[in-house]
Each structure stands twice: as C-alpha cells, then as structure tokens.
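*Asks:* Take a look at the following structure, please.
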6 protein chains.
Amino acid sequence: MSIVVTKIDRSAQPLAADFAGFGAATVHEAQGRKGLLDSALRPIYRPVSIAGTAVTCELAPGDNWMLHVAVEQCQEGDVLVVTPTSLCHDGYFGDLLATSLQARGVRGLVINAGVRDIATLTDMEFPVWSAAVCAQGTVKETIANVNTTVVCAGQKIVPGDLVVADDDGVVVVRKEEATTVLEKAKQRVANEEEKRKQFEAGELGLDIYNMRERLAEKGLRYVDSEPDD
Amino acid sequence: MSIVVTKIDRSAQPLAADFAGFGAATVHEAQGRKGLLDSALRPIYRPVSIAGTAVTCELAPGDNWMLHVAVEQCQEGDVLVVTPTSLCHDGYFGDLLATSLQARGVRGLVINAGVRDIATLTDMEFPVWSAAVCAQGTVKETIANVNTTVVCAGQKIVPGDLVVADDDGVVVVRKEEATTVLEKAKQRVANEEEKRKQFEAGELGLDIYNMRERLAEKGLRYVDSEPDD
Amino acid sequence: MSIVVTKIDRSAQPLAADFAGFGAATVHEAQGRKGLLDSALRPIYRPVSIAGTAVTCELAPGDNWMLHVAVEQCQEGDVLVVTPTSLCHDGYFGDLLATSLQARGVRGLVINAGVRDIATLTDMEFPVWSAAVCAQGTVKETIANVNTTVVCAGQKIVPGDLVVADDDGVVVVRKEEATTVLEKAKQRVANEEEKRKQFEAGELGLDIYNMRERLAEKGLRYVDSEPDD
Amino acid sequence: MSIVVTKIDRSAQPLAADFAGFGAATVHEAQGRKGLLDSALRPIYRPVSIAGTAVTCELAPGDNWMLHVAVEQCQEGDVLVVTPTSLCHDGYFGDLLATSLQARGVRGLVINAGVRDIATLTDMEFPVWSAAVCAQGTVKETIANVNTTVVCAGQKIVPGDLVVADDDGVVVVRKEEATTVLEKAKQRVANEEEKRKQFEAGELGLDIYNMRERLAEKGLRYVDSEPDD
Amino acid sequence: MSIVVTKIDRSAQPLAADFAGFGAATVHEAQGRKGLLDSALRPIYRPVSIAGTAVTCELAPGDNWMLHVAVEQCQEGDVLVVTPTSLCHDGYFGDLLATSLQARGVRGLVINAGVRDIATLTDMEFPVWSAAVCAQGTVKETIANVNTTVVCAGQKIVPGDLVVADDDGVVVVRKEEATTVLEKAKQRVANEEEKRKQFEAGELGLDIYNMRERLAEKGLRYVDSEPDD
Amino acid sequence: MSIVVTKIDRSAQPLAADFAGFGAATVHEAQGRKGLLDSALRPIYRPVSIAGTAVTCELAPGDNWMLHVAVEQCQEGDVLVVTPTSLCHDGYFGDLLATSLQARGVRGLVINAGVRDIATLTDMEFPVWSAAVCAQGTVKETIANVNTTVVCAGQKIVPGDLVVADDDGVVVVRKEEATTVLEKAKQRVANEEEKRKQFEAGELGLDIYNMRERLAEKGLRYVDSEPDD
C-alpha cells in the first residue's frame, strides 16, 4: 500500500535562493525557533549553504530501492529528504545517485541515515547532510512512500516545503509561511548588521539590549571574590 | 601468556595499490557486502585512501605498551590495526609512534580507540582511522598479543589480510580472496563508469535497472495527491 | 543568589603564549596526565591552537543570557569557559557574541554545549571548542554565576586558570602550577625532538626506551605462528 | 505567541481500554507498522500497559512551567504527551504533578525527557515512559504550547489521538483510524493465538507460513559444513 | 606521586540517616539545584536509598588495584566514590569487594564505570550506582589517589562530603552545608506534604502557585482550536 | 549465496549446566578475560543464568526472515545467537518465535538488535539478551546465513561454542577449550569461597593478596591530609 505522489506544490521555489543566502540559524530564528531538524545531521563538507523545495522519500532499513523512485519525482531546485522507517546507518546513497540528482538540478540531499562515496560527492560539490558516513551497502527489496508527509530527524516535512541547510544544520519552512519568514529573516539580518558594528566598536550586549536592570531585578549580584565553597 | 607472532603471510601485498585506488565502498560491494568495520572509525583528515597488509595489535585499556612491540613487526606496505581488549578512548598513539611507523614504510593506522597529535599527523600525512581524538595519555604496564587474529570494530582481522580504508571507512579483505575481490572490484568500477554516463545524460535508475515492473508487482501506486492522514 | 565575580587572578597570563605553542597533549603529559576536559569537546575548525586565562560562565539549559554578562568580565588574553547547569546541545553562541569577544581580545571559547554560525566563526578565525553544532536558539530568562569555580566537561576550572586548547582537545592548568608545568613541557618537547630523530633514523621504541627485558619478564613470548584458536 | 487549545476531539476515548489490552507491538503491526515513538522512551516500571487520548504539551529545555498549564486540560482517560522544544534530560516531572494527574483520572505520562521521584511514582502505580531518570529540577520562566500538534520522539501526535504504551514502547494511533486499527488488532491477536498453538505443538514457521519454496528461489542452500573462510 | 589521605573529616556523618530519608531529588532542590552527578549513573536494583560520607578513589582505566587500598580507608557509614582517570566501562567491582565493604559497614558504592556480579550484589543488598554493568575484569598494575578531591560524573567530591543516592540518582552535599541543606530539605518535604493533599483534592498547580496572571503577562492565550499549520 | 549449515559440533553440550552455574564473570576470568560480548547486550529480566551451544543466525537490517530458518536448526540445549549484518534496533523477535524455540528446548536468545513482547517473554521465562527493546516490526525479504561463524557484539562465535549468559552479560567459550575453562572456573569459585570468608571476617585484600609491599615500591604514599591543589 505504498504510494508515489506525483504532483506537489512547488510554489515556494522562487524564494529558495534568498533563503540559502540567510542560512539555517537565521531562518530558524525568523520563524520563531521552530522547524530545526536534529543536530545529528551534519554536512559532509563545509562551507555549504543551500535551499530548495522538499521531495520526500521513505526507506525500509537497509534498503535504498525507493531512492530510484524518488529521483524521478525530483526537479530543478528540489532538495531530496530521506528518512528510513526505522533507524539504520547504512550507506544508502552514493555518487551514482548523486550524479542522477545533479543531472536533474537537485540542490542537495538531507538523509537521516548514512551515505558513502563522500570523497567523490565532495569533488562533485553535491551537498549532503547525513547522520553518518558508512560504506555499508543496501538491498532493493521493499517499497515505501515517496512525496508523502514524513517526520525526518524530528521534524514534519510536507513535500514542497522549503528546506534550508548550511554548516549549522537543516531547517524546514512551511511553504505557506515562506514569504513571511523570508521577510522576517531580512529584518533580522539587517538588525544584526547594525548590532555587529556596535559589537565591533566594543559596545556590550548588556547595554545594547538594556539588560542591566532586569538582571538586577532577578537578583544578580556583583562581588569582588568568590565566597568559600 | 601473551605472544608476538613474527611470521605472517604478506602474499596479498602486491595487490594493495590497486585496492587503494578502488576505495572502501567499492571493495565492500565487490566482496558481497562483508568485512566493513564499524562506521565509528573515521579518518583524522580527508581525502585519504590507502590499502595494506594488516599487522594486528591488542592493547589493555589505557595502556599503549604493545604498540612499541607491534612497530617492530611492521614492514613496508603494512597497515597497523589496533584494538583495546575493552573499550577506552584514550589517546594511545601520537606523532612519535607515527614517525617510527612512517620510517618503516607503514601505510597507516586503524585503531578502535583514540589518538592524539592529530595536527602533526595531518602535517606528516600519516593516515589514521580512529574512534576518537583524545589528548589523554596511557601507561606501559600490561602486555597483550601482536599479530594474532583479532576482532576490531566488529570484524575479524587475520594478520596479512588486506585493509582498505578511505573517507568512507575501513574494509578488511581476506588474503585468500584478494585476487577474486580485486577482479570483481574492477568489473564493478567499469560497470559504474558506464552507468555514470547514463545518469549524467539524465537516464533514470528506474529504466537503467528495469525496476518499474517489479515495483508495480510489489504494489507501488502513483497518485496525484496524498490522501488525508 | 547568582553572582558575578569581578576580580580574578590573571597572574598566569604572561605564560599563555608559550603554552599555546606546546598544545594540549604535551601540556597534559607535562602536568602528570591531569586536567583534560572530555574529548567530546571538539574544535569547529582545524588546525587551531590557543591558550589563555579562564573566565567561567554557567548557563541554564536553553538560556544564554549570562553570556552577555560574562563578556563584560573578559579581557585581552582570556578564554571564555561555558557550562550549562544541565546538559543541552542548543546553539548558545554565534557570530555576534564572537564579534563582541574578539573586540575585547578574547582568545577563544570552550563550551560544553552547542554553537551556531560556524561558517562565520571560521571566517572570523574565532576559535571554538564545543560539544555540538546546533542552529537551535536560546532564551534569556534565567540567571546563573560568572567567574565562580565550575566543573566543565569533567574538570574543575578556577577563574584565572590557564586553558590550553588545540586539535587534540582542551586542558586546564592551575595558575599556581603554570610555571612548573611550562618548564616540564619545555623539557618534554626537547626530549621528544631528540626521540623524533631517532625514530626517523629507524630506531625502535623497544630499544630507545629499553623495553625488551621488562617485556620478557612480564612473559611476552615471540613465536613463528599463531596457535590454533 | 504560545497557545493552549481547550477543545480537542476525544471521540476515540471509548476504544482505549481495548487498545491497552493489545499492547504496543500488536497495535503497531495492525496499523501497518507506523506510529512507533523512538525506542529510547522506556517505562519506569514493568509490567505496565495503558491507552488513552493524547493531551500534548511542549516545554522549553530545563523549564517545566507548561506542565501545570497542561494538567488543567487533562480529563479522565487522557495520556499526557510531553516534548521539550530541544533535547534536555532534566527531571521535569515528579510525584506532585503525578498526584495532580492521577486525581484527574489521567492514565499516564509519555515524555521525551527526564522524570524524577520514580520510587514514589512506582508506589503510586502512575505509569510513565521517559527518555531518562534525572533528579535535576527545572525552572518556570518560559511559555510554550498545549494541545497543539507536536512531533514527540519522532512521531506526529495530534491531540485526541490514541496513545498505546506498554513494556515494548509507545505507539500513536490517529483517532480517525482507531476503529479500523482496533479491528485489525483483534484479527491479528486471534490469528496469533492459533499460530501460538501450532508453535507450541512444535510446528515450524517455515511450514506454517510456507516459506521453504520462496527461500529456495532466493538461493538459500543447505550444506553440511561451513566452507573455509 | 600517588597518595592515600588517611584522615578525613566525617563530621557530617550523624546527618546521613536523615538525608537518606529525603532522597536525591529533594536534597538536590534543597541545596539550590546543585551537586547532582550525571544521570548516567543508575542503581543496580530498585528501590534503594542511602546516604553516607564520601571516601574517594581514583582508578587507572581497566585497573582496579586502588579499590583494595580504598577499602582500608572506609569506615562504618561511608559511601565509596570511584572514578577512573579516563572513561572505561570495565567491571572494576564485584561481590568479593562488596563483602569486604559490607564487613566494614560501608553504605554503598558510586562508580563512574562498570560493575559485575550484580545478581549477588542484589542478593547481598549492597547498593551500587554505576555507569554500566560489564563482566570484563581488570588488572592491578597502576596506582592512583585515595581520599583526594575528585571530579566524579561531573561533580566535585571532597572526602567527607555527604553522598545521597536513591532511584533518582546521586547527589553530593558539601559537609559544611549539610546542616543547612538538611533543614531546607525538611521544610521542603513538609511543604510538599501540604501541596500533595491539595493536589489529591483536585486543586490545580495553576491556582496553588498563582500562575495564571504571570502566564497571561507572558502572552499565553487560550483558544478553542489549533490554527492551521 | 547464503547458506544454512545443518551439522554443527555440539560436543560441549554436556558441560552447559555447569557453566550456567558459574555465570559470565567467573567464566570470563577463568578463560583469561576473553570472549565477552559487548556490554550493551542486557537481559530483559533478572535474575537469569543460562548456558548452551550456539546456533548462529545473520539477519539483514529490518528483516527477520532468517530467524524462521534458524529455528529449524535449533535443538534441545542450544542458545540462538543473532546478529544483523548492519546495526538496526528493530524488534526482530517476539513471543511467537520464543514459543517455537521453547518448544524445541532452546535455552535462550542473544541478539545484537531489538526484541519485543518482553512482558510475555518474561511471563514465559524465556531468557533474552538484547541491545534494545523496540516494538518496530520487520519484513521478510532478504536471506542470509545460518550456522556460519559470525562476529556478534564484538566477539567471534563459532556454531557449537558455548554461550554463557547471566545478569552480568554474555560470554562465549570455544568448544575445544570448554573442559579446561570449566576446570579453571571450578578452581576460581573454590578459591573465591575461601576469600569470601576472609573478607566477611574483616580481613583486607591488601593483606590477603600481599599488596602492601608492591604498592610501596610503585611509590604510593600515605599522608594525613590532602596537599593544597
């Protein structure tokens, strides 16, 4: 009873380039600190920063068959998001599948499992965020779903949602919220630029953010030396 | 009752250079997906790719005395494979031992434990795969075996077996099977080159591997949209 | 009842540059194998080597408010040492706080938690050792202590102690012992240089350290082949 | 911008007792192997088996304030499902909150974090599944959501969904699917009873499930002894 | 340069029985949420609750020699606190050492490492908190310190400090603060008893602790249904 | 190319009952501290102690098909030893398979993966050592080997070897060495009984084992108080 959903809403695609410029931490903050995938997902090379529309793919543990099914559903500007139905760190993905995705214009891969051929993937500059690097191959025996709503590394991913990934990790942005979040990210970055200049000039966060009074209210005391333990 | 075995079968040595060219994932596949060490073993720098004949060394936890014994048993083209008798992430190995191994023509170190001096090891271009980086030193009080058959990171290693290691991890190849595995690896790589061209040209794995019929038989269905949850 | 201690003993500061030259493993050995922080703390980029006087900061889990308080206590040549009061891998620290610390001449950050903006931190060449990289932000609601004696990643840190950190990890040196440890580190390095030449010339540790007799006394035997299992 | 949703759909409540009788593994199978929370969630005592309607609660790391808000939303037959917005193993829940929940007829707690007072909770026979046991207390400074859709331990939980938990773990059943899943669970158990008798009588799964032919087709061979390695 | 300190301050001993009655979570709260050892330390059987004066013992990894030295320093009412100088989960402690400690009136063992013979230890009712259970034995080759100040599982332990341990974990109380902490623990328990009655009667924490106004100020809103995602 | 080896050497079977009486730690010591499986394997209930001849079974990750093949190879007095070809914590084994094994007189299961139905398994008193408890089911698509030599949880297991398992863990004894190891275990236990009486009488290990002189030679010093840090 596995399905492949062939039509997904890629309306947020035009915003992807701007999101890639902001990066995961800024976008995560801009949308109210939600949508961050588990920090166990790490990029195979650095620095790297991408954004794209999610195509989702489930896999049985130790079985990468559905990746080939998923490739066909990918288009220019997508990010392939892969999650096994139970935890397994096998190397489900390597340079041949990356070649196929790159030929279709896919921006990168996010997988809550292992990958291999990372030297070649790095040479190809094909971005991957994975939970492991592992040369262990997989079989092709069991089917699962493509382009259904999944939970990957702790976050719900709806096909067509924007996936933003860089050295800091991976964030998902709901497609309906993408315009609003992008606007807030822009404001945040503008605000940070201003703050950065203040910090460079030696101003303190305590003063920039007016924290001293509230800290005192909470009971923070300044003393000359540490009392005996 | 610890022993050092002084004569081991290095007959697979002439094949090492070819194996290094193929890398861990290809070799692992070529021998039927066996022989992969635990993916917790990672290289201290990348990219890197070696192969050589295994010299094995056991250590007591927190004790690196036997490494000095093992060095004497190493020859040009060997890979030193080290496993503590129980898990401990201390830094058993550093730049002086690496200097000694490099002087003997040893290709690299695989250790299911920690190492240190990794900045110097990287400068020296001495390849190391380890389970940890840790500055914690060790004592020299307890003896163990050198060049006996061991289990390291989940795999049986017989001295003289070929160890193939790169960015993807570490694989052991039985010396008796090395010629056969090498042949299969060559075929695999040739086959992959052909496939790579097809993928680059935009062909799909679904078609290249004739998967569509079998997927349909398993019950995979294509639909326009995801049914309500 | 949280406090900020405003006066700490930075008398070991003048020794910091020399310590940075020796690195964590050498210093750890020189002081009798003590003072090493948990090896889970890893640098965000490599190679890197620093030393400086510790300014300590506690945080509530998921709350980075006290970092702003700690910044004000930092001076040229300090290393900020941060530990949450219970384990949490959120990204407590990013590029704005790094800018503020760099403006004050702080040498680096050691944090038993997560950081973010690591691409920017790497570009800025601001050294960080952390237990995780995580884009998850934090709140500013709860106060804690600055410049009190803390346990960070398994080691007691007294403000003003020297923190030595490099690719191998992080070591703390008591300020009262810094001169003695530095002297021992110098001797150790001099001794190692001599040893390195011997190793490069192909001499064995077994001979350099006169180990053969003691190994024989412990019962180590050399045999031609491995007995049957 | 945190909210408490005060009206949730508890229409699946009448089915809870039957689900508790079947247990997590059976229910998980009956609904097509989906809905299982991460196996890191373990019961604090055994044996135990419950089912109930989910009331969800998010927490800031190290902050259990919202638990008090969630308690008010709980009714007879509910299971409280708690997830911190980022990972933290503090002990968010103890015997006083359990007393409050038990007074309201709540069936148990599922929390992707730590709990404490487990000796008392065991004496009270208040069932808890947690990721840790930890005496570390929490603050009450930050608000979050109650009775919104959450991801807890890798699964989406909609308030009012059925949560089924026992010695094997925790499974969520969508309320819309509860009747269907219950029916399948009944069939499965009936079928298993029959199978159990066959197994007790010494019949083999190979014959009961007619596996021999398909195994042979896959290439399984029976041999007298293991070929040399 | 290892030492055994033969005289330690056991003046907090008379308070131990009262502390054991309160348990780890209560004592941890009573002293301002400090002093909790890493929650990875778990009791080998439950329920269990002890308190006693700490005798400390360091061990080399994989080496339990110093335990025999430590036993001689133990007296009626002590708790032996053991920490390896680097992490190793070997089984350093078994039923013979427990017999020896029990003969001296020692209350229990806290060890940041492994133990074995746990079936016998359970039969003997000798309480142990450990990081692992492991049958792997250890050698007796390397000396270390007894009754010096150590860091064990993340907390500083001074010999003579009170160690309080139960099903929830292990807490250390400075001997100088023991009387004050005990008083606060008594008040806390008295206060909790009152609260428990209110909770049993169905009163809500929201009202008992007057939280509603502050929650509203923070911006918490009550709504009938969840807004669309 | 998967095989089932139908004839294995069960000559060590008559010794199994005696081994079960001694337990894992004693047997591990008696054979020179080798053969211990990873301590991550834990019994699902306690106390428990078994021994039997190993029947080995490999599994593909997430696939328990070969368990049914393995059951047929099991006889009275065997212990089934199961290892996935790559790490996966799914629940491969439950009460029906246990019923089948129990009907054949199998002593227990050792599996480097997950199991489920543990409440029923406990009621049945069917001993299991596993790396996880997980309700996640598995498929039946991929074949592997039965009764070949495997590495399970870090140890080589040859079919017919004796597996000894109790609350402390799991040890393998080579069948050729079983008689010798049993003899040594008897001596060890006799010796321990004597020692236990001495310890109960308050004698110290320092004296029983004559450790004082050697400790002094190593440099251990007794002092009245700890020097300043």
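The values are calculated or read from the model by the stated rules, or taken from the named source; none is laboratory data. These figures come from a predicted structure and were not determined experimentally. With ideal geometry, Cβ positions are generated from the backbone for all residues, glycine too; neighbour counts draw on all protein chains shown.
*Asks:* Regarding segment D:128-136, can at least one residue be identified that is in a loop (DSSP other than H, G, I, E, B), over 21 Å from residue D:8 (Cα atoms), more than 16 Å from the chain's Cα centre (by Cα) and of a type in the set (A, V, I, L, M, F, W, C)?
*Replies:* Looking for residues that are in a loop (DSSP other than H, G, I, E, B), over 21 Å from residue D:8 (Cα atoms), more than 16 Å from the chain's Cα centre (by Cα) and of a type in the set (A, V, I, L, M, F, W, C), one finds at least one in segment D:128-136, hence yes.
*Asks:* What is the residue count in segment E:42-71 for residues that are crowded, with 22+ Cβ neighbours inside 10 Å, among the small types (Gly, Ala, Ser) and more than 12 Å from residue E:143 (Cβ to Cβ)?
*Replies:* Number of matching residues: 4.
*Asks:* Let me ask something additional. State yes or no: is residue A:205 in the same structural domain as residue A:38 (by TED's automatic domain parsing) and in contact with a helix residue (DSSP H, G or I) (Cβ under 7 Å, 6 or more places away or on another chain)?
*Replies:* no
*Asks:* Just to be sure I understand, how many residues within segment A:106-128 are closer than 29 Å to residue F:64 by Cβ and either touching a Gly at 6+ places or on another chain (Cβ under 6 Å) or within 14 Å of chain F (Cβ to nearest Cβ) (or both)?
*Replies:* So the count comes out to 5.
*Asks:* OK, next. It is to be established whether one or more residues within segment A:82-90 are touching a residue at least 40 places away in the same chain (Cβ under 8 Å), more than 19 Å from residue A:158 (Cβ to Cβ), buried (at least 23 other Cβ atoms within 10 Å of the Cβ) and within 14 Å of chain F (Cβ to nearest Cβ).
*Replies:* Checking segment A:82-90: at least one residue is touching a residue at least 40 places away in the same chain (Cβ under 8 Å), more than 19 Å from residue A:158 (Cβ to Cβ), buried (at least 23 other Cβ atoms within 10 Å of the Cβ) and within 14 Å of chain F (Cβ to nearest Cβ).
*Asks:* Right, something else. What's the number of the condition residue E:193 fails, among (1) within 12 Å of the chain's Cα centre (by Cα); (2) farther than 18 Å from residue E:106 by Cα?
*Replies:* The failed condition is (1).
*Asks:* Taking segment F:2-44 only, how many residues are more than 10 Å from chain E (Cβ to nearest Cβ), among the polar types (S, T, N, Q) and closer than 16 Å to residue F:179 by Cα?
*Replies:* 3
*Asks:* If I go through segment C:56-81 residue by residue, how many of them are away from chain D (no Cβ under 14 Å) and among the hydrophobic types (A, V, I, L, M, F, W, C)?
*Replies:* Total meeting the criteria: 9.
*Asks:* For segment B:134-150, what are the residues that are among the hydrophobic types (A, V, I, L, M, F, W, C) and within 14 Å of chain E (Cβ to nearest Cβ)?
*Replies:* Listed by number, the residues that qualify are B:134, B:135, B:139, B:143, B:144.
*Asks:* Out of the strands (runs of 3 or more DSSP E) lying entirely within segment A:1-105, which hold 1 or more residues that are in contact with a strand residue (DSSP E or B) (Cβ under 8 Å, 6 or more places away or on another chain) and in the same structural domain as residue A:116 (by TED's automatic domain parsing)?
*Replies:* Filter on segment A:1-105 gives A:49-59, A:78-84.
*Asks:* Further question: Within segment B:152-229, considering only helices (runs of 4 or more DSSP H) that don't extend past its boundaries, which have at least 3 residues that are in contact (Cβ under 8 Å) with a residue 60 or more places away in the chain?
*Replies:* The helices (runs of 4 or more DSSP H) meeting that bar are B:178-200.
*Asks:* Does residue D:141 satisfy the criteria of being without any contact (Cβ under 8 Å) to a residue 60 or more places away in the chain, more than 18 Å from the chain's Cα centre (by Cα) and outside any strand (DSSP E or B)?
*Replies:* Against the criterion (without any contact (Cβ under 8 Å) to a residue 60 or more places away in the chain, more than 18 Å from the chain's Cα centre (by Cα) and outside any strand (DSSP E or B)), residue D:141 does not qualify.
*Asks:* Might you let me know whether segment D:203-215 holds any residue that is over 18 Å from residue F:71 (Cβ atoms), more than 9 Å from every other protein chain (Cβ to nearest Cβ) and either loosely packed, with under 13 Cβ neighbours inside 10 Å or of a type in the set (Ser, Thr, Tyr) (or both)?
*Replies:* no
*Asks:* Within segment C:140-161, does at least one residue satisfy the condition of being surrounded by fewer than 23 Cβ atoms within 10 Å (Cβ to Cβ) and closer than 23 Å to residue A:200 by Cα?
*Replies:* yes
*Asks:* Among the residues of segment F:188-201, is there at least one that is surrounded by 22 or more Cβ atoms within 10 Å (Cβ to Cβ), under 30 Å from residue E:9 (Cα atoms) and either acidic (Asp, Glu) or facing another protein chain (nearest Cβ under 10 Å) (or both)?
*Replies:* Checked segment F:188-201: at least one residue is surrounded by 22 or more Cβ atoms within 10 Å (Cβ to Cβ), under 30 Å from residue E:9 (Cα atoms) and either acidic (Asp, Glu) or facing another protein chain (nearest Cβ under 10 Å) (or both).
*Asks:* Check off (1) surrounded by fewer than 24 Cβ atoms within 10 Å (Cβ to Cβ); (2) hydrophobic (A, V, I, L, M, F, W, C); (3) outside any strand (DSSP E or B); (4) in contact (Cβ under 8 Å) with a residue 12 or more places away in the chain for residue E:119 and give me the number that stays unchecked.
*Replies:* (4)
*Asks:* Suppose we keep only residues that are facing another protein chain (nearest Cβ under 9 Å) and within 12 Å of residue B:31 (Cα to Cα) within segment B:162-175. Which one would you say is surrounded by the most Cβ atoms within 10 Å (Cβ to Cβ)?
*Replies:* B:171
*Asks:* Still on this model: Has segment C:36-43 got at least one residue that is of a type in the set (Gly, Ala, Ser) and over 24 Å from residue A:167 (Cβ atoms)?
*Replies:* No; the residues of segment C:36-43 include none that is of a type in the set (Gly, Ala, Ser) and over 24 Å from residue A:167 (Cβ atoms).
*Asks:* Separate question: Do the conditions hold for residue C:201, that is, is it over 21 Å from residue C:25 (Cβ atoms) and at pLDDT 95 or above?
*Replies:* Yes.
*Asks:* Go through (1) within 19 Å of the chain's Cα centre (by Cα); (2) at pLDDT 95 or above and name the single condition residue C:89 misses.
*Replies:* (2)
*Asks:* Here's something else I'd like to know. So residue C:131 clears everything in (1) within 14 Å of chain D (Cβ to nearest Cβ); (2) closer than 27 Å to residue A:210 by Cα; (3) surrounded by fewer than 24 Cβ atoms within 10 Å (Cβ to Cβ) except one condition, right? Which one?
*Replies:* (2)
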